[in-house]
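Before any comments, here is the structure.
The values are calculated or read from the model by the stated rules, or taken from the named source; none is laboratory data. Just so it is clear, the model here is predicted, and its values are computed rather than measured. Every residue, glycine as well, gets a Cβ built from its backbone with ideal geometry; the counts of neighbours run over all protein chains shown.
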Amino acid sequence: MKKYILTVLCVMCANALLAQDMKSAGKDTLRLSLSDAENLFLSNNLDLIAQKYSIDSAKATVITARLYDNPEFSISNAFYNPSNHRFFDPETSAQVSQLIKLAGKRKKSIDLAKAGIDIAQFQFYDLLRTLRYVLRSDFYNIYYQEQSAKLYQLEISSLQKMVPVFSEQVSKGYMAQVDLLRIQSQLYTLQAEYDNLQTSINDIQSELKVLIRANPSAYFTPIVSSAFDKGTLIASTDYQSLIDSAIVNRPDLQMLNANIVYSNYNLTLQKAYAKPDITLNANYDRLGGYVKDFNSIGISIPLPFFNRNQGNIKNAEIQQQVNKTQYESGIDKIKSEVTNNYITALRAEKLLQGFDPTFEESMKNLIGQVAINFQKKNLTMLEFLDYYDSYKQNVLQINQLRFNKMNALEQLNLSIGKIIF
């Protein structure tokens, strides 16, 4: 029994880093701070790179809009002259024409193309906002789940060393078989829980490594300050200022506003298309006119009797109203998101602050006293395991509460469109 007690005390004081090394043995360890991970994300993420190409594509439409229409040249030659029965008689005519757009169509097309660039840029920033939230949330989630995993590793290691000691005690008749079965049952339960936790960590690791394009076989280890999640942030922040900041900074709302600008330019352009353009032309005819080498200049213009672009104008007006409605709806959604995330973050912060800062250390000391009292036979095996389980549950709960607070802050940052917390 004394040998068992010494084993428990040694495991309780074991270095957590050693346990981590046991878990990540055989894997390349990628140790990054949050700022390091964000820098890799900004430079390597393929979704962001692809979205940047969309901006370049939008800029190319401006180049196209700036171009003038090409002149047209046509030439014809007589194929058969019935008067002299000759093919390819030397009668030749040629024409050069140039379309001239009126009503400022070219300038309006350029303005419309430039508005498309703004939409593409806001789409990029909105994607950046969303993926950055995923990155930061995964970073914190991995960190706190790793803290929980260390607890499981220590308890599993302790019980694994305990089982052969108890088996020997049972064989000598110093301990009941039922106590050994309880230890084994606790060990199997912890191993199953640890396996589920490790699966969750691996899934999050996979997602984060895709975001930063890290080696799939690497094991990501967050580097954080010991006090990075301490302090009061939400309660001291003015709620209305967060709403105002979100309306200014949210790229998805800015994109909705850019859609309104785009629809305004499009409506103006469609109305311009209702006005006809003119075509200037110059003609030359060698032998087909009333004089030899006939030449002329002319102008042509369509008469807008039937088609005055009515359908496209109507559609542009409808789209303009749709975009205005979507913008107003976007403001309502943003206010609702910020309010909900603000309340959630405030609640998570207050809940975490309600815990005694000395609670964790007191629990560690209590577990040490539990081992001593178990040695003195003041506790039964069932009571001893119950204390162990309670300690585990409290550590897991605190880690979850800390992650909930950090994730709530990140959700609030996401709804604001700017990293404030």
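Could you pull out the residue among 169, 270, 205 that is out of contact with any helix residue (DSSP H, G or I) (no Cβ under 7 Å at 6 or more places or on another chain) and buried (at least 17 other Cβ atoms within 10 Å of the Cβ)? Just one listed residue meets the conditions, 169. Remark: pairs (first residue in the stretch 270-283, under 10 Å from residue 309 (Cα atoms) and at pLDDT 90 or above; second residue charged (D, E, K, R) and not in a loop (DSSP other than H, G, I, E, B); Cβ separation under 6 Å; 6+ apart in sequence or on different chains) = 272/105; 272/108. Given the structure, is residue 125 outside any loop (DSSP other than H, G, I, E, B) and either under 30 Å from residue 50 (Cα atoms) or at pLDDT 90 or above (or both)? So residue 125 fits the description; yes. Of the set (1) modelled with pLDDT of 90 or more; (2) more than 30 Å from residue 163 (Cβ to Cβ), all apply to residue 235 but (1). Checking each residue in the stretch 257-281 for being touching a strand residue (DSSP E or B) at 6+ places or on another chain (Cβ under 9 Å) and not in a loop (DSSP other than H, G, I, E, B) picks out 278, 279, 280, 281.
For the stretch 282-297, indicate whether the set of residues that are of a type in the set (A, V, I, L, M, F, W, C) and part of a helix (DSSP H, G or I) is non-empty. No, the stretch 282-297 contains no residue that is of a type in the set (A, V, I, L, M, F, W, C) and part of a helix (DSSP H, G or I).
Of all residues in the stretch 188-203, those that are farther than 18 Å from residue 395 by Cα and either touching a residue at least 24 places away in the same chain (Cβ under 8 Å) or hydroxyl-bearing (Ser, Thr, Tyr) (or both) total 2. Out of 206, 217, 171, 185, one residue alone is without any contact (Cβ under 8 Å) to a residue 24 or more places away in the chain and within 19 Å of residue 41 (Cα to Cα). It is 206. Exactly one residue among 122, 139, 220 is in contact with a Lys or Arg (Cβ under 8 Å, 6 or more places away or on another chain) and crowded, with 18+ Cβ neighbours inside 10 Å, and that residue is 220. For the stretch 1-106, the strands (runs of 3 or more DSSP E) that sit wholly inside it and include 1 or more residues that are at pLDDT 90 or above, more than 30 Å from residue 160 (Cα to Cα) and of a type outside the set (Ser, Thr, Tyr) are 72-77, 92-100.
Against the definition (in contact (Cβ under 8 Å) with a residue 60 or more places away in the chain and crowded, with 17+ Cβ neighbours inside 10 Å), how does residue 155 come out, yes or no? Spelling it out, residue 155 is indeed in contact (Cβ under 8 Å) with a residue 60 or more places away in the chain and crowded, with 17+ Cβ neighbours inside 10 Å.
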